[in-house]
Amino acid sequence: LTQDELKKIAAYKAVEFVESGMVLGLGTGSTAKHAVDRIAELLHQGKLTNIVGVPTSKKTQEQAISLGIPLSDLDKHPILDLAIDGADEVDPYLNLVKGRGGSLLREKMVESACKKFIVIVDQTKLVKNLGGTGDAVPVEVVPFCWKFTETRLQRLFEEKFEVGCVAKLRVCGKNEEPFVTDNMNYIVDLFFEKEIGDLEAASDEILRLAGVVEHGMFLNMATTVIVAGGAGRSINMV
Ligand code: DER
């Protein structure tokens with residue numbers, strides 16, 4: 001099975017938890033895309049009715065519109081029944097790293113408003129500790145004096161957590177322009193030399209920095225993780 005086939009398996013499994021009449025958080029990324037496709041398919045087959053979607057990015061909003069999924073927003077639906085979304089890393093406590101696709105702020109807003117949050121991954125996303133892989137932990141920052149914030153993020157980890165950290169503005173395109181999020185902010189990616197350790201403390205300290213909007217660690221938010229691949233097992237929050 002290819003990685004994309006595994007993502008599709010996890011996504012279809014998660015959509016089995018969707019019931020007619022639900023207000024759904026629609027995730028962003030290559031795994032969540034399969035879940036949105038599947039929801040639209042069941043709607044068109046009449047197997048699901050009366051579904052409203054709240055997208056976690058402009059990209060998912062466009063996908064949902066093209067598929068004919070009725071959409072709304074958090075202002076009209078401040079409490080959602082269920083969100084289905086991917087993740088970049090999942091630790092054994094169901095803590096997540098998200099945001100390598102750049103949608104972490106709207107994802108966290110939507111997913112924090114849900115009664116249930118199902119995460120869908122292939123087994124390559126499972127890690128022992130967040131940040132320990134050396135891959136990016138994204139932080140959304142305001143564009144104003146982003147370099148100042150980038151430096152403070154890097155020093156925060158070196159000084160307060162004694163963890164080596166490289167903070168790097170996310171750029172894109174051939175001219176290496178700053179990546180701009182759906183909310184007109186920038187992203188600073190944090191690369192750690194080893195696992196972060198006290199995630200709650202790290203989360204609190206990052207959010208205290210004026211200039212930081214939100215970070216990509218989703219702590220204590222997932223209620224279920226569906227993992228495709230390997231034993232194809234699912235891990236439920238105990
Ligand atoms: O950027 C995001 O938060 C995505 O949901 C990411 O975490 C998972 O993307 P993938 O399903 O394409 O790997």
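The values are calculated or read from the model by the stated rules, or taken from the named source; none is laboratory data. All figures in this text were calculated on a predicted structure; none of them were measured in a lab. Neighbour counts are summed over all protein chains in view; Cβ atoms, including those assigned to glycine, are modelled from backbone coordinates with ideal geometry.
Could you list, in sequence order, all residues of segment 192-202 that are modelled with pLDDT of 95 or more and surrounded by fewer than 17 Cβ atoms within 10 Å (Cβ to Cβ)? Within segment 192-202, GLU193, ASP198, GLU200, ALA201 qualify. There is at least one residue in segment 116-123 that is of a type outside the set (Gly, Ala, Ser), within 16 Å of the ligand (Cβ to nearest atom), farther than 17 Å from PHE179 by Cβ and at pLDDT below 95. Residues LEU153, LEU74: which one is modelled with pLDDT of 95 or more and closer than 23 Å to THR224 by Cβ? Of the residues listed, the single one that is modelled with pLDDT of 95 or more and closer than 23 Å to THR224 by Cβ is LEU74. State whether one or more residues within segment 120-128 are under 24 Å from LEU6 (Cα atoms), of a type in the set (Lys, Arg) and touching a helix residue (DSSP H, G or I) at 6+ places or on another chain (Cβ under 6 Å). Checked segment 120-128: no residue is under 24 Å from LEU6 (Cα atoms), of a type in the set (Lys, Arg) and touching a helix residue (DSSP H, G or I) at 6+ places or on another chain (Cβ under 6 Å). In the set (1) assigned to a strand (DSSP E or B); (2) closer than 30 Å to ALA202 by Cα, GLY53 fails one condition alone, (2). The residues of segment 203-238 that are touching a Ser or Thr at 6+ places or on another chain (Cβ under 7 Å), in a loop (DSSP other than H, G, I, E, B) and modelled with pLDDT of 95 or more, listed by number, are LEU209, GLY211, LEU219, MET221. Scanning segment 155-166 for residues that are closer than 16 Å to VAL212 by Cβ and either free of Cβ contacts under 8 Å to residues at least 24 places away in the same chain or of a type in the set (Asp, Glu) (or both) returns a single hit, ARG155.
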